[in-house]
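**Student:** Pasting a structure here, questions to come.
Every number here is computed from the coordinates shown, using simple stated rules; none is lab data. Fair warning: this is a prediction, and the values are worked out from it, not measured in the lab. A quick note on method: Cβ atoms are made from the backbone with ideal geometry, for glycine too, and the neighbour counts reach across all protein chains shown.
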Amino acid sequence: MNNQIARTLTLAALAVWLLSPAYGQYVQRIIKVTAPFEFTVNGRSFPAGPYSIVCLAPHRLDLRDSRSRVLVSLITRAVESRERNPATKLRFSTADGGHALTEIWPANDRFGYELAAPGRKTLVARRTARGSAQARGDENK
C-alpha cells in the first residue's frame with residue numbers, strides 16, 4: 001500500500017513538472033539604462049539617472065535603482081521591430097511637460113517590451129449577485 005502511494009505521488013510530481021510552464025527555466029536578463037530626465041511609470045515619478053531593468057519572465061519586468069532595490073514591477077506585452085536595435089532604447093510619451101516610459105528595446109534584439117500607456121482606460125469586470133458579469137470603463141458614465 002505504501003509503495004503504491006509513493007508511486008502515485010512520484011507520478012503526480014512528474015506530471016506537474018512536465019506540464020508546468022517553462023517560466024522556471026527563463027533566464028533573467030539585466031538591462032542597464034540611464035534615464036535622461038525625470039519620468040513616470042505606472043503613475044510613480046522617478047528622477048533622471050541610472051536604472052536596471054530585470055527581465056524576470058517573458059512579460060514581467062522589475063525596474064531597479066542603482067542599489068538593485070525593486071522600485072516597481074511591470075507587466076508588459078511583446079512588441080517587434082523589423083530590424084535589431086544596435087543599442088538599448090527607452091521610449092517615452094510626452095504630455096503636459098512630463099515623460100512616461102512606454103517601451104523598452106534591448107540592444108541586439110528585434111523584440112521589445114511595451115508598458116501600458118498612461119491614461120489608457122481599463123475595463124473592469126464585476127460579478128453581479130446573479131452570477132453574470134458586467135463590464136465598465138474607468139470614466140464611462
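**Student:** Under 12 Å from the Cβ of Asn108, count the other residues' Cβ atoms, weight Lys and Arg +1, Asp and Glu -1, and hand me the total.
**Tutor:** +2
**Student:** How much FRET efficiency would the formula 1/(1 + (r/R0)^6) give for Arg44 and Arg110, where r is the Cβ-Cβ distance and R0 is 41 Å, rounded to 0.05?
**Tutor:** That pair, Arg44 with Arg110, gives E of 0.90.
**Student:** Can you figure out the FRET efficiency of Glu83 with Leu56, using R₀ = 35 Å and their beta-carbon distance, to the nearest 0.05?
**Tutor:** E between Glu83 and Leu56, to the nearest 0.05, is 0.85.
**Student:** At 0.36 nm per residue, minus the direct Cα-Cα distance, what do Lys32 and Gln4 gain on full extension? Give it in nm, one decimal, please.
**Tutor:** 4.9 nm
**Student:** Let me ask something additional. Assuming 0.36 nm per residue, please report the length gained on full extension of the stretch Arg69 to Glu103 beyond their Cα-Cα distance.
**Tutor:** Gain on stretching Arg69 to Glu103: 10.1 nm.
**Student:** Further question: About its Cα centre, how strong a charge dipole does the stretch 25-118 have in debye, to the nearest 20, once Lys and Arg get +1 and Asp and Glu get -1 at the Cβ?
**Tutor:** 280 debye
**Student:** Please give the net charge around Tyr51, taking every other residue with its beta carbon less than 12 angstrom from that of Tyr51, where Lys and Arg add +1 and Asp and Glu add -1.
**Tutor:** That works out to +2.
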